[in-house]
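Participant: Right, I'll just put the structure down here and ask away after.
The values are calculated or read from the model by the stated rules, or taken from the named source; none is laboratory data. The shown structure was predicted, so the numbers you read here are calculated from the model rather than taken from an experiment. Note that each Cβ is placed from the backbone with ideal geometry, even for glycine, and that neighbours are counted across all protein chains shown. Accessible surface areas use protein heavy atoms only, side chains included; no ligands, DNA or RNA. Shrake-Rupley method; radii C 1.70, N 1.55, O 1.52, S 1.80 Å.
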Amino acid sequence: MSKDSTVLQILSLSKQFKNFQAVKSISLEIQKGQVYGLLGPNGSGKTTTLAMLLGVLKPTEGSFSWFNNGNAATNRKRIGSLLETPNFYPYLNAYDNLKIVATIKEVSDVSTRIKTVLERVDLVERGLRPFKTYSLGMKQRLAVASALLSDPEVLVLDEPTNGLDPMGIADMRELILSIANEGKTIIFASHILDEVEKICTHVGIMRNGELLTQGSMQDILKQKQYFQIKAEDMDLLRKELSNSSSYQLLQSDQTEYVLVESMESADGAALNKLLVSKGIFASEIRVYKKSLETIFIETVQA
């Protein structure tokens, strides 16, 4: 990756609260156009990490750099954020609340920009209603509109689907994906694995303040090959696979199938060829892939 494409670089970032180490020396890079998900259970350090990156908290150790420069004032205008619960004046409508935000962010052509972001989050028809009458999903979408007011290059979102019903989660997912398709870089924290898998191009898994693993979603999900196998003679199948150096028998107590891991990343055709050579005729060979949920659980419990 070229230096110009680096949006965020984090080096050994840590945060200590008295006797509690909230974030422990994490390092990562995020490139332009990525949708990077910080994934972890509650208390893993996701929100604390985002708070440091947004200048809300001061790191105890380590450093980070936005856009390869140290101009904090300029960088703030290039970053939109939603951290924790949306906070607007309850008796003001969406337009008036966003006017206040626009003044703080020094947004030009305020009326046009407010109309644009409300259209973007599908709140134009409800724009004149007081914020206190909004559902949680509408409040979240207004918060995203607020983050988009200055037309930032990067969006930082902390648990954007937290507390939403299934329809609200789906709406937020589609909104985030559509914003990402415009070329913006998105960084968001979540503990909802299904949403991370559907939205993110890259992911980092955190636990107890540590970054356990990170990479592209494709690489995180790419595992050794696993196969579910059925055969007429299941006893012979188990026996031969137990003695094989190419495959590890993972599950043999099922009456209908066995589960094996390829130790050499062999495909189904190679497996079938081996079985035939042993006089075993498989009625079914099915590729089995681990979900992000399975990988996450194995990672945080390791």
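Participant: Taking into account only those residues within the range 88-128 that are hydroxyl-bearing (S, T, Y) and over 28 Å from the mean Cα position of the chain (by Cα), which is farthest from R141 (Cα to Cα)? Steps first, answer last, please.
Facilitator: So the first thing to find is which residues in the range 88-128 are hydroxyl-bearing (S, T, Y), and the list is 89, 91, 95, 103, 108, 111-112, 116.
Okay, now just the ones that are also over 28 Å from the mean Cα position of the chain (by Cα), so 89, 91, 95, 103, 108, 111-112.
On the way: Y89: 15, Y91: 17, Y95: 13, T103: 20, S108: 22, S111: 18, T112: 18 Å.
The selected residue is S108.
Participant: Now a separate question. For the range 34-44, how many residues are in a loop (DSSP other than H, G, I, E, B) and at pLDDT 95 or above? Break it down stepwise before answering.
Facilitator: As a first pass, look at the range 34-44 and keep what is in a loop (DSSP other than H, G, I, E, B): 34, 40-44.
Adding the requirement that they be at pLDDT 95 or above leaves 34.
Looking only at that region, the number is 1.
Participant: Another question, then. Return the residues of the range 217-243 that are within 16 Å of the chain's Cα centre (by Cα) and either within 13 Å of L39 (Cα to Cα) or touching a residue at least 40 places away in the same chain (Cβ under 8 Å) (or both); say none if nothing qualifies.
Facilitator: Quick first cut of the range 217-243, residues within 16 Å of the chain's Cα centre (by Cα) only: 217-221.
Scanning the range 217-243 gives M217, I220, L221.
Participant: Does V156 count as open to solvent by less than 30 Å² (accessible area, probe 1.4 Å) and either at positive phi or in contact (Cβ under 8 Å) with a residue 24 or more places away in the chain (or both)? Walk me through how you get there before you give the answer.
Facilitator: Details: open to solvent by less than 30 Å² (accessible area, probe 1.4 Å): yes; either at positive phi or in contact (Cβ under 8 Å) with a residue 24 or more places away in the chain (or both): yes.
For V156, the condition - open to solvent by less than 30 Å² (accessible area, probe 1.4 Å) and either at positive phi or in contact (Cβ under 8 Å) with a residue 24 or more places away in the chain (or both) - is met.
Participant: Among the residues of the range 108-115, are any open to solvent by 60 Å² or more (accessible area, probe 1.4 Å) and on the phi > 0 side of the Ramachandran plot?
Facilitator: Step one: list which residues in the range 108-115 are open to solvent by 60 Å² or more (accessible area, probe 1.4 Å), which gives 108-109, 111-112, 115.
Right, trim to on the phi > 0 side of the Ramachandran plot and you get 109.
Looking for residues that are open to solvent by 60 Å² or more (accessible area, probe 1.4 Å) and on the phi > 0 side of the Ramachandran plot, one finds at least one in the range 108-115, hence yes.
Participant: Evaluate the following for S44: is it touching a residue at least 24 places away in the same chain (Cβ under 8 Å), small (G, A, S) and open to solvent by 50 Å² or more (accessible area, probe 1.4 Å)? Write out each step before concluding.
Facilitator: On the way: touching a residue at least 24 places away in the same chain (Cβ under 8 Å): yes; small (G, A, S): yes; open to solvent by 50 Å² or more (accessible area, probe 1.4 Å): no.
Spelling it out, it is not the case that S44 is touching a residue at least 24 places away in the same chain (Cβ under 8 Å), small (G, A, S) and open to solvent by 50 Å² or more (accessible area, probe 1.4 Å).
Participant: Let me ask another. Which members of the range 164-196 meet the condition of being among the charged types (D, E, K, R) and open to solvent by less than 50 Å² (accessible area, probe 1.4 Å)? Talk me through it step by step, then tell me what you get.
Facilitator: Residues of the range 164-196 among the charged types (D, E, K, R): 165, 171, 173-174, 182, 184, 194-195.
Of everything in the range 164-196, those that are among the charged types (D, E, K, R) and open to solvent by less than 50 Å² (accessible area, probe 1.4 Å) turn out to be R173, K184, E195.
Participant: Another question, then. Quick one: which helices (runs of 4 or more DSSP H) sit completely within the range 72-154 and have at least 2 residues that are over 29 Å from T49 (Cβ atoms) and among the charged types (D, E, K, R)?
Facilitator: The helices (runs of 4 or more DSSP H) meeting that bar are 94-104, 110-120.
Participant: Go through the range 238-261 and give me each residue that's at pLDDT 80 or above and part of a strand (DSSP E or B).
Facilitator: Passing the criteria: Y247, Q248, L249, V258, L259, V260.
Participant: Identify, by number, the condition in (1) more than 19 Å from R113 (Cα to Cα); (2) of a type in the set (A, V, I, L, M, F, W, C); (3) modelled with pLDDT of 90 or more that A147 doesn't meet.
Facilitator: (1)
Participant: Looking at the range 2-41 only, could you name the residues that are open to solvent by 50 Å² or more (accessible area, probe 1.4 Å) and either among the charged types (D, E, K, R) or at positive phi (or both)?
Facilitator: K3, D4, S12, K18, K24, S25, E29, K32
Participant: While we're on this one: Could you tell me which numbered condition T49 fails, if it satisfies all but one of (1) out of contact with any His (no Cβ under 7 Å at 6 or more places or on another chain); (2) open to solvent by 10 Å² or more (accessible area, probe 1.4 Å); (3) at pLDDT 95 or above?
Facilitator: Evaluating T49 over (1) out of contact with any His (no Cβ under 7 Å at 6 or more places or on another chain); (2) open to solvent by 10 Å² or more (accessible area, probe 1.4 Å); (3) at pLDDT 95 or above leaves (2) as the failure.
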